[in-house]
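Visitor: Please find one structure pasted underneath; my questions will follow.
We did not get these values from a lab; they are worked out from the coordinates using the rules stated. Remember, predicted model here, so these are calculated numbers, not experimental data. Glycine also receives a Cβ, built like all others from the backbone with ideal geometry; neighbour counts cover every protein chain displayed.
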Amino acid sequence: MAIGVFDSGVGGLTVHHRLVERFPRADFVYLADQANAPYGGRSGEEIVALTKAGCVRLFDEGCDVVVLACNTAASVALRRLQQGWVPGYRREIGRPVNILGIVVPTIEAATGLPWEHEAQWREEKAEKLEVLGVFSTPATARSRVYEIEIDKRRQDVAVFSEPCPELARMIETGAAREALAAVIASHVQALKSRIGRHPDRAILGCTHYEIVADLFQAALPAGTPLIRQPDATADALSRYLERHPEFHPGHTAVRRFLTTGTPGGQNKLVETFWGAALSFEPA
Ligand code: DGL
């Protein structure tokens, strides 16, 4: 069948790109919900409803597995859809389907621990030795998923989130790199003022930000390691498909790109990142 990749817009292409490299023969359908992007300022209920509609569209296209290549959708909607909707939907359509996210793989990469591993609570307060910064949309920051889940696993890591309300839209609409660099520098400074120092490592907790990862790298102290979501997600999908042979990623290297927004090409920033012109069909 095929692997579906979903994002509110073009950010998920950063994950998609790595998945295509990792699974060169698999069939992929990418869906960008650009008519409703950005998701980061929306309510939880809206994000759940839009994510569910995107998954239905991709399952209708024949996808078996949908990867939510969007932190906002994964942190706000994934668990609710997996627990409250997918089991009934599977019975309704009479075939196995599933939705995976990118937050769990990122936390595994950030902690160096498998998801199942939770630290034993200790009586004494653990000393926080490392500071991890997370740049994300406001909805992802509000969910506190990175703080909560990393704290369960690594009590020696202190997590601080910096919401960047305008950044995904700027990337989506092809803003100039100078303007993006200024906004990114202001968020890096804001995080530094709040913590009192720069983070030791950082998560770009919005898939759009990977398109401008070099600007984050330039704004952070030289050599600050960035935890890469595309790599972490490709590793996790590979392990998942090995464990679940009932899901077929296809083998004819089909690549389709759908959008709920305006079909056709994408902005220059995105095509530069992708390394080729992209043409989207109407969803
Ligand atoms: N790229 C998505 C994320 O990772 C969504 C950005 C948005 O729509 O606000 O959060």
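Visitor: Could you tell me which helices of the chain pass both thresholds, a Cα extent of 20 Å or more along their own axis and a mean Kyte-Doolittle hydropathy of at least -1.0, with helices taken as whole DSSP H runs?
Guide: Passing helices, by number: 44-60, 177-195, 229-243.
Visitor: Separate question: Which ordering of 27, 7, 33 is given by a fewest-first count of other beta-carbon atoms within 10 Å?
Guide: 27, 33, 7
Visitor: Mean residue ellipticity at 222 nm from the helices of the chain, using -39,500 (n - 2.57) per DSSP H segment of n ≥ 4 over the full residue count, to the nearest 500 deg cm²/dmol?
Guide: Mean residue ellipticity at 222 nm (helix-derived): -13000 deg cm²/dmol.
Visitor: Same structure, new question: What's the extension gain from residue 255 to residue 90 if we count 0.36 nm per residue and subtract their Cα-Cα distance?
Guide: Gain in length upon complete extension: 56.9 nm.
Visitor: Classify the chain as rounded, prolate or oblate from the Cα gyration tensor: take a ≥ b ≥ c as the square roots of its eigenvalues, call it rounded if a/c is under 1.5, otherwise prolate when a/b beats b/c and oblate if not.
Guide: It is oblate, given that a/c is not under 1.5 and a/b is not larger than b/c.
Visitor: Where does each of 128, 192, 268 land when they are ranked from fewest to most other beta-carbon atoms within 10 angstrom?
Guide: Ranked by crowding around the Cβ, least crowded first: 268, 128, 192.
Visitor: R0 = 45 Å: FRET efficiency of residue 79 with residue 177, Cβ-based, nearest 0.05?
Guide: Efficiency at R0 = 45 Å is approximately 0.80.
Visitor: Can you tell which of 147, 162, 271 shows the greatest fluctuation in a Gaussian network model of the chain with Cα springs below 10 Å?
Guide: The residue that fluctuates most here is 271.
Visitor: May I pose another question? State to the nearest 20 debye the size of the charge dipole of region 1-74 about its Cα centre, where the only charges are +1 on K and R beta carbons and -1 on D and E beta carbons.
Guide: Computed about the Cα centre, the dipole is about 180 debye.
Visitor: Then there's this: Nearest-5 percent of antiparallel DSSP beta bridges in the chain?
Guide: So the antiparallel bridges amount to about 5 percent of the total.
Visitor: Another question, if that's okay. For residue 46 and residue 160 in the same chain, what is the full-extension length gain: residue separation times 0.36 nm, less their Cα-Cα distance, in nm?
Guide: 38.5 nm
Visitor: While we're on this one: Among 250, 48, 216, flag the residue with its Cα farthest along the positive direction of the charge dipole of the chain, charges on Cβ as +1 for Lys/Arg and -1 for Asp/Glu.
Guide: Projecting each Cα onto the dipole axis, the largest value belongs to 48.
Visitor: Could I ask something else about it? For the chain, what is the charge dipole size about the Cα centre, in debye to the nearest 20, if Lys and Arg each add +1 at the Cβ and Asp and Glu each add -1 at the Cβ?
Guide: Computed about the Cα centre, the dipole is about 160 debye.
Visitor: Determine the relative contact order of region 151-283: mean sequence separation of Cα pairs under 8 Å and six or more apart, normalised by residue count, in whole percent.
Guide: Taking the mean separation of contacting Cα pairs over the length of region 151-283, I get 22 percent.
Visitor: Where a ≥ b ≥ c are the square roots of the eigenvalues of the C-alpha gyration tensor, would you call region 154-256 rounded, which needs a/c under 1.5, or, failing that, prolate if a/b is larger than b/c, or oblate?
Guide: It is oblate, given that a/c is not under 1.5 and a/b is not larger than b/c.
Visitor: With springs connecting C-alpha atoms under 10 Å apart, model the chain as a Gaussian network and identify which of 245, 24, 199 has the largest mean-square fluctuation.
Guide: 245
Visitor: Using alpha-carbon pairs under 8 Å, 6+ residues apart, how would you state the relative contact order of region 242-283 in percent?
Guide: This gives 43 percent for region 242-283.
Visitor: Under a cut-off of 29 Å between alpha-carbon atoms, report the lysines in cross-link reach of residue 128, not counting same-chain residues fewer than 8 places apart.
Guide: Cα-Cα hits under 29 Å: 152, 192.
Visitor: In addition: Defining a contact as two alpha carbons under 8 Å apart and six or more residues distant in sequence, what relative contact order in percent does region 15-118 show?
Guide: Rounded, it is 25 percent for region 15-118.
Visitor: Another question, if that's okay. Whole Å is fine, so just give me how far the alpha carbon centre of region 111-186 lies from that of region 215-283.
Guide: Between the Cα centres of region 111-186 and region 215-283 lies a distance of 20 Å.
Visitor: In nm, to one decimal, how far is the residue 113 label point from the residue 213 one, both placed 7 Å along Cα→Cβ?
Guide: 2.5 nm
Visitor: Still on this structure: In what sequence do 85, 115 fall when counting other Cβ within 10 Å, fewest first?
Guide: With the fewest neighbours first, 85, 115 line up as 115, 85.
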